[in-house]
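Asker: Quick one: the structure is below, and I'll ask about it shortly.
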Amino acid sequence: MNTKSNTSAASDAFDNLKETVGVVTVDDPKMSARNVDVFYGEKQAIYDVSLDIANNEVIAMIGPSGCGKSTFLRCLNRMNDSIPTCRVTGEMSLDGEDLYGAGLDPVLLRARVGMVFQKPNPFAKSIYDNVAYGPRIHGLASNRAELDDIVISSLQKAGLHEEVQDRLDAPGTSLSGGQQQRLCIARTIAVSPEVILMDEPCSALDPIATARIEELIDELRENYAIAIVTHSMQQAARVSQRTAYFHLGKLVEVGSTNNIFTNPRHELTENYITGRFG
Amino acid sequence: MDKLHLDQHISQQFNHELEDIRNRVLAMGGLVEQQVDQGLTALLESDGELGQQVATADFEVNAMEVEIDEECIQILARRQPAASDLRLIVTVIKVITDLERIGDEAEKMGRFAVDLAEANAATSYRKELRRLGDLVKSMLRDALDAFARLDVDAAIKTAARDEDINAEYQTLQRLLATHLMEDPRQVSQLLKITWCARALERIGDHSVNICEYVVYLVKGRDIRHINFDQVQSEFLSKPT
C-alpha cells in the first residue's frame, strides 16, 4: 500500500527531476533552446531548459503561476533585455543563428519573432496606423499603395478586415476587446514574422472572441511557428500540437498534446492538468 | 483507487463525484454478478420461477447503466476531465456497456431456463454447464475485482483465462452437436442449451473487455487487438 501522500510524492518527483520527460527536439527546428538558465538578479527563474519550436506547429506552454513559462517565452525574442537584472545563459537560436550573439539586432529579431500579449495593447492611433506602424519603421513599403496592401492583407489574415474596412481611420482603442487583440495580431503579422509568441492572448476575452482567436491561431499555423503560453488547459488542448509543462522553473515534460492530455508520463504534469494537489 | 489519487483533487466536489461514480459501477457489477449467478442456478436447477425473476430484474441493470452514463456525461460537460480522470470516465462508460450486455446474457439464460425447466431438459448437461458457468462467474468476479483494485496484473491474468472458457464451450458444443445428430427430435431444447452455453461464453468475452479497460485506465495504453503475449510481456510484473 502506498502510504506516502500524493503531495510529498510529487515533491520528491520534482526534486528527483534530472531531465525533461519526453522528446524536446524536433526535426528541422525553427527555434532552439539548449540548457537555458534565466536569473532575475540572484534569483534563478529557469533551470536548464532545452526545447525546440517547430515550423507550422503550435506549442503550448502550461504550468502554474511563477513556473517560468512566460519568462522562457520572453527569452525567445529577447523581451527580457529590457529588465536590467535579467541574465540568460545557455544557447538559443533562430534558424541556427545565436539569438544572443553580438551580431544580432534585437529590434530586427523582434520583427522576425513577434509577440502578442495578454492584454490587447493597441497604440493610441488609428486602426490603419496600428498595423502600418511596424512596416513603416522597418521600411517594408516603398509607397502608400504597398503599405495599404500590407495593412489590408494583415487585417485579413487576422480575420478583422471585414469588420473594420469602412473605419480604418477610427482609433484602435475604439474596437472591442476581441477585435483589439486581433488588431494586435494583425500588427504582429504586418512585419512578416517567422515566429509568433503569444502570452495568454485570450485571458481578457469572452468565449466567442476566444474561439475566434483560437480559430485564427490554427489558420496562422500554416505559415508560422507559434508558441503560446496559456493558463487554460482546455485552450492548450484545443490549439496546440505539442505541449510543454513547466514547474518551478523546470521543464518537466514535453509531448504531443494528445498524449499529455490523455496519458502524461510525469506525475507533476498529471497533477496539474487534473487539478490535484501537488 | 489509491493509485489514481482520485481523492486528491483541489475540488472536493469533484473527488465526491468520482468516488460516487466508482461506487455505482461496483454496485452495478455486484448486481450483474448476482443476475449471472441466479440465471445459471435457474438453468442448472430447472427453476423456472427463478429464471423468470432473473429475466424480469434485467431492467434494474439497464436503469443503472443509464444513470451512470448520465453522471459521466455531466462530468465530461462540467469538469472537462483530463489524463487519468478522463481515462476513468471513458473506462466507466465502456465497463458499464459490457456489464449491461452481461446482464442481457443473464436475462437470456433466465428466459431459456423457464422454457427448459418444464421438460427438465438441461439436467443431462448439468455437469458441463456448471463447469463452464463456474469458470465464467469466477472470471467476471476477478475482472470486477481488478477494476475495483486497479490491478493490472490481476486484469491480465484474468483475461488469459478466457481460453479455458472457450475450450470448455467448444467441448460442450461438440457434445450438443453429437446429441443433435443422434436425436433430432430434441432440436428445440438442445438449441436453447446451446444458446445458454453461448451466453456464458459471451460473458467471458465481456469480462476480457473489462480487464482490457483496467489496463487502459491504469497504464494509458489501449491493448485491444494487441497480441496477448506482447501484452503479458509488456505489462505483467516480473517476479522479484
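Each value in this text was obtained by applying a stated rule to the coordinates, not by laboratory testing. The structure displayed is predicted, hence computed values, not measured ones. Here the Cβ is made from the backbone with ideal geometry for all residues, glycine too, and neighbour counts use every protein chain on show.
Asker: So for the stretch A:123-245, taking the charge dipole from beta-carbon charges (+1 Lys/Arg, -1 Asp/Glu), which of A:Gln179, A:Ile189, A:Val229 sits furthest toward the positive end?
Answerer: Of the listed residues, the answer is A:Val229.
Asker: Springs between alpha-carbon atoms under 10 Å, Gaussian network over chain B: tell me which of B:Arg79, B:Arg161, B:Arg87 tops the mean-square fluctuations.
Answerer: B:Arg79
Asker: From the phi of every residue in the stretch B:134-149, what ³J(HN,Hα) in whole Hz does the Karplus formula 6.51 cos²θ - 1.76 cosθ + 1.60 yield, where θ is phi - 60° and glycine or proline is x?
Answerer: 5, 4, 5, 4, 5, 5, 4, 4, 5, 5, 5, 5, 4, 5, 4, 9
Asker: Amide H of A:Asn55: which non-local residues (sequence gap of 5 or more, or other chain) have their own amide H closer than 5 Å, using H built in the peptide plane?
Answerer: Here the answer is A:Lys30, since their amide H atoms fall under 5 Å of that of A:Asn55.
Asker: So, one more: Magnitude of the Cβ-charge dipole of the protein assembly as shown, K/R +1 and D/E -1, about the Cα centre, nearest 20 debye? Before the final figure, lay out each step's value.
Answerer: Numbers: 54 positive and 79 negative charges, 221 e Å.
Using Cβ point charges on Lys, Arg, Asp and Glu, the protein assembly as shown gives about 1060 debye.
Asker: Additional query: Give the Debye-formula value of log10 I(q)/I(0) at each listed q (0.17, 0.18, 0.22 Å⁻¹), with one equal scatterer per alpha carbon of the stretch B:134-240, two decimals each.
Answerer: Cα-only, vacuum Debye calculation for the stretch B:134-240: -0.77, -0.82, -1.07.
Asker: Related question: If you plug each phi of the stretch B:35-41 into the Karplus form 6.51 cos²θ - 1.76 cosθ + 1.60 with θ = phi - 60°, what whole-Hz ³J(HN,Hα) values come out, in order, with x for Gly and Pro?
Answerer: 4, 5, 4, 6, x, 5, 4
Asker: If you don't mind, there's one more thing I want to ask. In nm, to one decimal, how far is the modelled label at A:Thr173 from the one at B:Glu70, with both set 7 Å along Cα→Cβ?
Answerer: So the two model labels end up 5.3 nm from each other.
Asker: Label points 7 Å out from Cα along the Cβ direction at B:Lys157 and A:Lys18: separation in nm?
Answerer: The answer from the label model is 3.3 nm.
Asker: Quick query: amide H of A:Glu253 versus all other amide H atoms, modeled in the peptide plane; which residues come in under 5 Å with a sequence gap of 5 or more or a different chain?
Answerer: Distant-sequence amide H within range of A:Glu253: A:Val21, A:Tyr245.
Asker: If you don't mind, another one. Calculate, for A:Gln241 and A:Phe117, the FRET efficiency according to 1/(1 + (r/R0)^6) with r their C-beta to C-beta distance and R0 25 Å; round to the nearest 0.05.
Answerer: 0.65
Asker: Amide H to amide H, which residues 5 or more places from A:Ile46 or on other chains are under 5 Å from it, using H placed in the peptide plane?
Answerer: A:Val38
Asker: Another question about this same structure. Bin width 5 Å, alpha-carbon pairs only: give the P(r) of the stretch A:6-273 as whole percents, running from 0 to the bin holding the largest distance.
Answerer: So the P(r) values, bin by bin, are 1, 6, 13, 17, 18, 16, 13, 8, 5, 2, 1, 0, 0.
Asker: Average projected area of the Cα convex hull of the protein assembly as shown, in nm²?
Answerer: If you wrap the Cα atoms of the protein assembly as shown in a convex hull and average its projections, you get 31.8 nm².
Asker: While we're on this one: Nearest 10 degrees is fine. How inclined is helix A:207-220 to the longest principal axis of chain A, computing both from alpha carbons?
Answerer: 90 degrees
Asker: Using a Gaussian network model of chain A whose springs link C-alpha atoms within less than 10 Å, name the residue from A:Asn259, A:Asn130, A:Asn16 with the highest mean-square fluctuation.
Answerer: A:Asn16
Asker: Now a separate question. Give a residue-ordered list of calculated ³J(HN,Hα) values for the stretch A:29-43 (Karplus: 6.51 cos²θ - 1.76 cosθ + 1.60, θ = phi - 60°; whole Hz; x for Gly, Pro).
Answerer: Result, rounded to whole Hz: x, 7, 10, 9, 10, 10, 6, 8, 10, 10, 10, 10, x, 7, 7.
Asker: What number does the stretch A:144-206 give for Rg over Rh if you use C-alpha atoms and the Kirkwood radius?
Answerer: Radius of gyration relative to Kirkwood radius: 0.97.
Asker: Quick one: give the max-minus-min coordinate of the C-alpha atoms of chain B along each principal axis, largest first, in Å.
Answerer: 66, 41, 25
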